[in-house]
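Quick notes on the structure that follows.
The values are calculated or read from the model by the stated rules, or taken from the named source; none is laboratory data. As the structure is a computational prediction, the values presented were derived from the model and not from experiment. All Cβ positions, glycine included, derive from the backbone under ideal geometry; neighbour counts span all protein chains shown. Note: areas computed on protein heavy atoms with side chains; ligands, DNA, RNA excluded. Shrake-Rupley method; radii C 1.70, N 1.55, O 1.52, S 1.80 Å.
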Amino acid sequence: TPVQLRANGLTDLVSIIPPGATLNSRSRIKPDKLGKLPGRLLPDGSWVGYNMLKYTPTQEEFEQWPSWGGGIGILTARFPAIDIDCTDQQLSDMITREVHAALGPAPVRTGRAPKQLLLYKTDTPFHKKFLTVWRDGARHLVEIRGNGRMCVISGVHPGTMREYSWDRPLEAITADSLTTIDEA
């Protein structure tokens, strides 16, 4: 739950609109982005997006998130993530091993395998970075999500319609257990 994640030091959480949600008529969110973007459930049962960098959910909203049926995301300014957007299993696993070797161990989240996301922490926020990897004519992207970005850490993946999974229980991941990295 968001309460437990926050107690584990994983602060900077955002509510994620679930796949298949009803969008409010005022919403500018495209339906294909459901399950990937922050949002709030309105009293009428519809969802609207919010500026995750400027809007701070109320304590009441925070406690209600589990009943909303959406996912949970985390801002990556203080919790940067390496998003391995790679559909080649061998290449994805190799990149994960290289990231672990270069940056240290990290919990690994999977939504649509073989794509993977590795979660870290930082004391000095930095901006996102991209790396394009080509293999057998296919383009794969490795994104370091940093300041101004977020990643989904819990909920239903909009493509697979299955829960995101971690290589360890999510409730066992604490801020203190994450490896600290910096921009360099």
Angle check, please: helix 89-103 long axis (alpha carbons) against the longest principal axis of the chain (alpha carbons), in degrees 0 to 90, nearest 10. 90
According to a simple spin-label model (label point 7 Å from Cα along Cα-to-Cβ), what is the distance in nm between SER25 and ALA172? 5.0
Using a cut-off of 12 Å between beta-carbons, work out the net charge of the residues near VAL108 (Lys and Arg +1, Asp and Glu -1, VAL108 not included). +1
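Sort HIS100, HIS140, HIS157, HIS127 by accessible area with a 1.4 Å probe, largest first.
Result of the area sort, largest leading: HIS127, HIS100, HIS157, HIS140.
Could you work out what % of the accessible surface of region 56-172 is carbon and sulfur, using a 1.4 angstrom probe and leaving DNA, RNA and ligands out of the count?
The computed percentage sits at 50.
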Nothing charged except the Cβ atoms of Lys and Arg (+1) and of Asp and Glu (-1): what's the magnitude of the dipole of the chain about its Cα centre? Round to the nearest 20 debye. 540
Measuring from a point 7 Å past the Cα of HIS100 along Cα-to-C-beta, which residues in region 136-178 have an amide N at less than 15 Å? 166-169
Order by protection proxy (mean Cβ within 10 Å, highest first), peptides 84-96, 164-176: 84-96, 164-176
Report which label in (1) 1.15; (2) 1.10; (3) 1.02 holds the value of Cα Rg over 2.2 N^0.38 Å derived from the coordinates of this structure. (3)
Out of THR96, LEU42, GLN59, whose Cα points farthest toward the positive end of the dipole of region 25-177 (charges: +1 Lys, Arg; -1 Asp, Glu; placed on Cβ)? LEU42
Once the Cα atoms of helix 59-68 and of the chain are each reduced to a long axis, what angle between those two axes, in degrees from 0 to 90 to the nearest 10, is obtained? 80
Surface per residue (accessible, 1.4 Å probe) for region 1-116, Å²: 51
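Sorted by average packing, counted as other Cβ atoms within 10 angstrom per residue and highest first, what order do 116-123, 10-17 take?
The most tightly packed comes first, giving 10-17, 116-123.
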R0 of 25 Å, Cβ-Cβ distance ASP88-ARG162: FRET efficiency to nearest 0.05: 0.75
Which of the peptides 129-137, 30-38 is most tightly packed, and how do the rest follow, going by the mean number of other Cβ atoms within 10 Å of each residue? 30-38, 129-137
